[in-house]
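Working notes for the structure below.
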Amino acid sequence: MGKSSTGKDTIYKRLLACENNTLRTLVMYTTRPAREGEQDGREYFFVDDARMRELESEGRIIERRSYHTVHGIWHYFTVKDDQIDLEHYDYLVIGTLESYVEMRRYFGRDRLIPLLIELDDGVRLQRALDREKLQTPPCFQELCRRYLADEVDFAEEKLSEAGVEKRFYNDNLEQCLLEIQRYIEDWR
């Protein structure tokens, strides 16, 4: 987890691509439209509001976050589906601080370890701007909304309340990956 444009997706993909990796993926669900290059079932399961409500009425939503974006309300959520088998596998998941807290509540404190990725705000903003320029059409309003929301969502008080102590600074990707790999191995 981490603020937008800290390198979470890159780190996630690199950790999963390691030759000694035994971690599985857990694909989250969202009602937002897919970005250019995203594929249903890979980055997210892209569903509509009706499907989300159906899963909710079945009691299958573990945690859900809703964001008031410039495009309307988008929901992100974790579903209790056939992807999850904690008795046999460990998983690597990208989420928010809020999703971490809710998943920890659902699965138990000893079942999740937080991996907080951090980066200089100026570098993050430039990365976000560069990425947004590639979208068709780019939406700089949403980029700004997310950037500012991250300041609230990852406030020091919230990190402390959630018990997130260890942080991984991503100013050197290879070093950051190595530190995360060691941390995961030590936890196991």
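The values are calculated or read from the model by the stated rules, or taken from the named source; none is laboratory data. Fair warning: this is a prediction, and the values are worked out from it, not measured in the lab. Note that each Cβ is placed from the backbone with ideal geometry, even for glycine, and that neighbours are counted across all protein chains shown.
State yes or no: is Ile11 touching a Cys at 6+ places or on another chain (Cβ under 7 Å) and either in contact (Cβ under 8 Å) with a residue 24 or more places away in the chain or crowded, with 18+ Cβ neighbours inside 10 Å (or both)?
The answer is yes for Ile11.
Residue-by-condition table, conditions (1) modelled with pLDDT of 95 or more; (2) in a loop (DSSP other than H, G, I, E, B); (3) closer than 22 Å to Val93 by Cα:
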residue: Pro137; (1), (2), (3): no, yes, no
residue: Glu157; (1), (2), (3): yes, no, no
residue: Ser160; (1), (2), (3): yes, no, yes
residue: Glu179; (1), (2), (3): yes, no, yes
residue: Glu185; (1), (2), (3): no, no, yes
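What is the one condition in (1) assigned to a helix (DSSP H, G or I); (2) under 23 Å from Tyr29 (Cα atoms); (3) polar (S, T, N, Q) that Gln141 does not satisfy?
(2) is the only condition that Gln141 fails.
Please go through the stretch 94-120 and give me each residue that is of a type outside the set (S, T, N, Q) and within 19 Å of Thr10 (Cβ to Cβ), ordered by number.
Selection gives Ile94, Gly95, Pro114, Leu115, Leu116, Ile117, Glu118, Leu119, Asp120.
Condition check ((1) at pLDDT 90 or above; (2) more than 25 Å from Phe140 (Cβ to Cβ); (3) in contact with a strand residue (DSSP E or B) (Cβ under 7 Å, 6 or more places away or on another chain); (4) not basic (Lys, Arg)) across all residues:
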residue: Arg14; (1), (2), (3), (4): yes, yes, no, no
residue: Arg35; (1), (2), (3), (4): no, no, no, no
residue: Asp40; (1), (2), (3), (4): yes, yes, yes, yes
residue: Val79; (1), (2), (3), (4): yes, yes, yes, yes
residue: Gln83; (1), (2), (3), (4): yes, yes, no, yes
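Residue by residue, here is whether (1) among the small types (Gly, Ala, Ser); (2) over 16 Å from the mean Cα position of the chain (by Cα) holds:
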{"residue": "Glu19", "(1), (2)": "no, yes"}
{"residue": "Met28", "(1), (2)": "no, no"}
{"residue": "Gly41", "(1), (2)": "yes, no"}
{"residue": "Asp48", "(1), (2)": "no, yes"}
{"residue": "Glu54", "(1), (2)": "no, yes"}
{"residue": "Tyr89", "(1), (2)": "no, yes"}
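Anything in the stretch 96-118 that is part of a loop (DSSP other than H, G, I, E, B), touching a strand residue (DSSP E or B) at 6+ places or on another chain (Cβ under 7 Å) and not hydroxyl-bearing (Ser, Thr, Tyr)? List them, or say none.
Leu115, the sole residue that qualifies.
Taking the residues in the stretch 67-94 that are assigned to a strand (DSSP E or B) and of a type in the set (Phe, Trp, Tyr) as candidates, determine which candidate is surrounded by the fewest Cβ atoms within 10 Å (Cβ to Cβ).
Tyr91
Taking the criterion of being under 28 Å from Asp121 (Cα atoms) and part of a loop (DSSP other than H, G, I, E, B), would at least one residue in the stretch 53-62 satisfy it?
Taking every residue of the stretch 53-62 in turn, none turns out to be under 28 Å from Asp121 (Cα atoms) and part of a loop (DSSP other than H, G, I, E, B).
Filter the stretch 97-135 down to residues that are touching an Asp or Glu at 6+ places or on another chain (Cβ under 9 Å) and modelled with pLDDT under 90 and give me whichever is surrounded by the fewest Cβ atoms within 10 Å (Cβ to Cβ).
Only one residue tops the list, namely Leu134.
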